[in-house]
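Novice: Pasting in a structure now, in structure tokens, and then I'll have a few things to ask.
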Amino acid sequence: VESALYLSKKTNGMFDATVFDLLSLWGFGPNPKSGIPEKKNIDSILTLTGYENIICINRILMKKNRKVKLDLNAIAKGYGVDVIFDFLRTSGFENIFVEIGGEVKFSGYNFRNENWSVGLENPISNQIDKQIPFFGVLKNEGCAIATSANYRNFVDLDGTILGHTINPKSGFPIQTNVLSVTVISKTCMESDGWATALMTMSYEQ
């Protein structure tokens, strides 16, 4: 939660972990829905969202509004990768590769005693070189990588395809000229969170 709040402040609220109800309203989550939500319902939920409603002090979590719900999916997988990676490293392993749902952290070398190779997937909606599965391959001794995109997780609402990245200020799915964002960092939680945060922005931003 502290990392999520840090990202929220750095992005002026474009990364926001209080969008649980907004995502559910648009059909993302455990109970998919059909149809585009009414503006009044979106506006109603927006009164319950905003990272300013969450306070985290000395490992104590407080909500200014009891109805606020957290959704930490944007950093949870990355955090999980870091936890497993650290466990393996403290257990004495040096050559480690951990992957959960596309979020990756690794160190050392593979079984060929070479640097690990991680393919960066070419977005399926990319019209240029769409026959090439990867637009790049990263070879490194150790780092954390995460990619965020809208082309795998989306809903079809009455023929309108909408990506799962929600603008927490407007309550509507992001309309962006960015197909995907890959972030390389020291921790997978950072990579995971920043990849999502950057997907809320235009390519120029």
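The values are calculated or read from the model by the stated rules, or taken from the named source; none is laboratory data. The structure presented is a predicted model; accordingly, all values stated were derived computationally and were not measured. Don't worry about glycine lacking a Cβ; one is built from the backbone with ideal geometry, like all the others, and counts go over all protein chains shown. Heavy atoms of the whole protein, side chains included, go into the accessibility calculation; ligands, DNA and RNA do not. Shrake-Rupley method; radii C 1.70, N 1.55, O 1.52, S 1.80 Å.
Novice: Residues of the stretch 182-205 being open to solvent by 70 Å² or more (accessible area, probe 1.4 Å) and farther than 23 Å from LYS169 by Cα, which ones?
Specialist: Those that are open to solvent by 70 Å² or more (accessible area, probe 1.4 Å) and farther than 23 Å from LYS169 by Cα: ILE184, LYS186.
Novice: Within the set of pairs 6+ apart or on separate chains, which have a first residue in the stretch 13-41 that is at pLDDT below 90, a second that is aromatic (Phe, Trp, Tyr), and C-beta atoms under 8 Å apart?
Specialist: Listed by first residue and then by second, the contacts come to GLY29/PHE20; LYS33/TRP26; PRO37/TRP26.
Novice: Continuing with the same structure: Which members of the stretch 88-128 meet the condition of being within 21 Å of ASN140 (Cβ to Cβ), open to solvent by 60 Å² or more (accessible area, probe 1.4 Å) and either outside any strand (DSSP E or B) or of a type outside the set (S, T, N, Q) (or both)?
Specialist: Residues of the stretch 88-128 that are within 21 Å of ASN140 (Cβ to Cβ), as a first pass: 88-89, 93-122.
Narrowing further to those that are open to solvent by 60 Å² or more (accessible area, probe 1.4 Å): 89, 93-95, 97, 99, 109, 111-114, 117, 121.
Those that are within 21 Å of ASN140 (Cβ to Cβ), open to solvent by 60 Å² or more (accessible area, probe 1.4 Å) and either outside any strand (DSSP E or B) or of a type outside the set (S, T, N, Q) (or both): ARG89, PHE93, GLU94, ASN95, PHE97, GLU99, TYR109, PHE111, ARG112, ASN113, GLU114, GLU121.
Novice: Identify, please: which residue in the stretch 168-180 is closer than 20 Å to PHE28 by Cα and among the aliphatic types (A, V, I, L, M) and is, among those, least open to solvent (accessible area, probe 1.4 Å)?
Specialist: Within the stretch 168-180, the subset closer than 20 Å to PHE28 by Cα is 168-176, 179-180.
Going one step further and asking which of them are among the aliphatic types (A, V, I, L, M), we end up with 174, 179.
Values: ILE174: 18, LEU179: 73 Å².
For the stretch 168-180, the residue satisfying everything is ILE174.
Novice: Another question, then. From the set of residues in the stretch 134-161 that are of a type in the set (Gly, Ala, Ser) and in contact with a Leu (Cβ under 8 Å, 6 or more places away or on another chain), which is modelled with the highest pLDDT? Walk me through it before giving the result.
Specialist: Filtering the stretch 134-161 down to residues of a type in the set (Gly, Ala, Ser) leaves 136, 142, 144, 146, 148-149, 159.
Next, from what is left, pick out any that are in contact with a Leu (Cβ under 8 Å, 6 or more places away or on another chain): 136, 148-149.
Working: GLY136: 80, SER148: 87, ALA149: 78.
If we take residues in the stretch 134-161 being of a type in the set (Gly, Ala, Ser) and in contact with a Leu (Cβ under 8 Å, 6 or more places away or on another chain), then SER148 is modelled with the highest pLDDT.
Novice: Check off (1) more than 28 Å from VAL183 (Cα to Cα); (2) exposed (fewer than 12 other Cβ atoms within 10 Å of the Cβ) for ASN65 and give me the number that stays unchecked.
Specialist: For ASN65, the exception is condition (2).
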